[in-house]
Every structure is written in C-alpha cells, then in structure tokens.
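All of the numbers you see were taken from the coordinates with simple rules; none came from a lab. Treat the numbers as computed from the prediction; the structure is a model and nothing was measured. Cβ sites come from the backbone with ideal geometry, for glycine too, and all protein chains shown count toward neighbours.
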C-alpha cells in the first residue's frame, strides 16, 4: 500500500495537486511526500447578529442552531461539461451575503451556485481568495431571511480531547453532521499554493469529499475552524481530518472582503529542523532550533544578513548541512522547529512588521532584526 496522502475534504471531483514543502523549508530525512487534492489578539466572539452561547449544547442543539447558516456550494469549472463539477460546503458570514468556503472549492470556477437549507439557490460571485490559507469569500444576493450568520469562536482556547462537530455536504449529502474530538493543534498542512498552512486543527470528526468549506464547531455552537482536508491513501476519511482555525479566519477574512486578497509576511529561508542526529553533528546540547540552509536572494532574511549553510559533512553515509545560522528564538518565543516560526508569522505578524530572531552563529548567540516583506507566489 502507498504512503498516506492529504486529500481535500471538499470539492467532489477535484483534481490531485502535489504539495511543495521546500519553498520555506527542507523536510527531515525521513520520506514525506503528501498529496493534496486538494496569541495573540482577542478573536471576535461573534459574526453578524448571532447570539452568544456561554454553556455547552447538545449535538442536537448545535445542529439545529447551525444548520440554517450552512450552505452547499456547487461549482462548474473552466473546461468542464455543463452539469458536472465540484460540490463543497460553506457558511454564512454576515447579513450582506458573504459566505466563507475553501479556496480549493472554487478554484478555476466558471460558475458558483449556493444552495440554502430550504432548497433555494443563488448564483454567487467570488469576492476574495487566499490560496495560502485555503480561504475564499463568495457573495450572494439572497433573501435576507436566508442569511443566518454563525458565531465565531476563539480557536486559541481549544484543548486536545475537546469534543467538536462538523457540518457539511460529504459526497453531496446536504446537511450532514459528524462529531469527534480535537486530536491535536498547531499542525502544518501542505497546500497547493507551494507553502504549508500553519496552526491547523487536527480532528477525528469524519470529513469527506464535499465537507470542504464547512464549519467545525465547539460545544457552544461556535465556529472554531473551516474543514479543509483529510489524510488518506484512498481519498476517503480514515480518522484524520484538518481544519483552518478561527483565529486565521478572523485575521484573513475582513481583508479578503475589502481588498480581494491578503498579503502574507515572508522571511525567505529554507532549512531543516534540528533533530538529535543533527544536534550531535553540530555539537549542540539540545535538539531544538531551525538550521538555515538557503537564504533567498533579495529576501528579508538576505537583507538582514542571515547566513545559510555552504557545505555538508558526511556522517555514516548521510550528508548533513553545516555552517548556517541556527534560529533559536523569534520575538522571544523558543523555536523548536519550523512550525513555531510559521505559526508566529500567521498569528502575530503582517507585511512591514519587524521580527527579532535570536540565532546561533559560530558558537555565539546574537540577535538579528528582519523587516518582513510580502510573500511571493509559490507556484
């Protein structure tokens, strides 16, 4: 059997895209070739005019509260035959008709149709897309009574083991609900943009093709994530699903509505995490930090003077890069691996911000200040 891959939990009929990790970092030596079909400010407690719940609800109450705000998203793609295309999910963002879904759900869309709970359908316009976080905003001119915005919770409060629920349209089966727990937090998810999506929620709630873009809800009926992908060798759910956290939604969506795009900050380095073998080669006391292997020309890292590895050393038949800067902290936060850097960028930084790195260079620690620039397209 082949190695597991990442698949969209969303648009039925979507094509397979190979994810590229190396744009920002080099994976550790173990093989990892996932596929994809596809704190810190206070997050707003609600979207639109939804009521705020302070107590846990039953699954029945969560479904009844949330179902009117969840929609089906049908997509006809460029070059597809009339009547064929993808099916995904979405949820109402506000009373102006904005709906949140996944970017891969509406990718290459020639026509987007949104269907509400009562069966009424409307053509939708694509307002904004951010491939780097797999978030898209579409808009419908629908009857105001159909627009039932859902409450937005704070994903930073989630705990591993916490019960959650997902609502969407798996395999085109409208209004389906599944439940499970938060399996882990802060995952790094490969994406078709060429960069990885940081800070992702892992869940065992069943997510299948057609679920993409639907809400992941806590037990108060608040949205804590957007269901986006599964890890599977078959394309069907096997117990591992992923969702974009509501913290990311709260940061990205308003700009997508206003400007149609979101400019992400960028450092411009590639490298690898320090594992025990690498720590031994570099004569480090602890296996923590991120070794800079390559510094992209004219990038913020290059302008700040970061140094990449210029040579390798062979140890028992394995080549290890040596000589580059080792990032130990970012803005005072310990860096154990690349994930810590990417999560900090996602949560706390914007284009034009400064970021202070503590690095180890030639056996001595020093600080380097980087001015972040807009991330280039990874494709």
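Just want the ordering: 345, 185, from fewest to most Cβ atoms lying within 10 Å of their own Cβ.
Details: 345 22, 185 17.
By the 10 Å Cβ count, ascending, the order reads 185, 345.
How would you rank 212, 191, going from fewest to most other Cβ atoms within 10 Å of each one's own Cβ?
Working: 212 37, 191 24.
The fewest-first ordering by Cβ neighbours comes to 191, 212.
Under a crude label model (7 Å from the Cα following the beta-carbon direction), how far is residue 108 from residue 60 in nanometres?
4.5 nm
Would you please give the FRET efficiency between residue 311 and residue 350, computed as 1/(1 + (r/R0)^6) with r the Cβ-Cβ distance and R0 = 41 Å, to the nearest 0.05?
Details: r = 36 Å, r/R0 = 0.88.
After rounding to 0.05, the efficiency reads 0.70.
Taking only C-alpha pairs under 8 Å that are 6+ residues apart, what is the relative contact order of the range 265-374 in percent? All intermediate terms of the calculation are to be shown ahead of the outcome.
On the way: 230 pairs, mean separation 30.7, N = 110.
About 28 percent, as a whole number.
Compute the length gained on full extension between residue 259 and residue 95: take 0.36 nm times their separation in residues and subtract their Cα-Cα distance, giving the result in nm to one decimal. Walk me through the numbers on the way to the answer.
Values: separation 164, 0.36 × 164 = 59.04 nm, distance 1.88 nm.
Contour length minus the Cα-Cα distance gives 57.2 nm.
How would 91, 116 line up from fewest to most surrounding beta-carbon atoms within 10 angstrom? Intermediate values should be presented prior to the final figure.
Details: 91 24, 116 21.
With the fewest neighbours first, 91, 116 line up as 116, 91.
Using the per-residue mean of other Cβ atoms lying within 10 Å as a proxy for protection, in what order, highest first, do the peptides 319-329, 129-139, 250-260, 302-312 fall?
Working: 319-329: 19.5, 129-139: 25.1, 250-260: 17.2, 302-312: 15.5.
Sorting 319-329, 129-139, 250-260, 302-312 by mean packing, highest first, produces 129-139, 319-329, 250-260, 302-312.
Distance in nm between label sites at residue 303 and residue 117, each 7 Å beyond Cα in the beta-carbon direction?
Using points 7 Å along Cα→Cβ, the separation is 5.0 nm.
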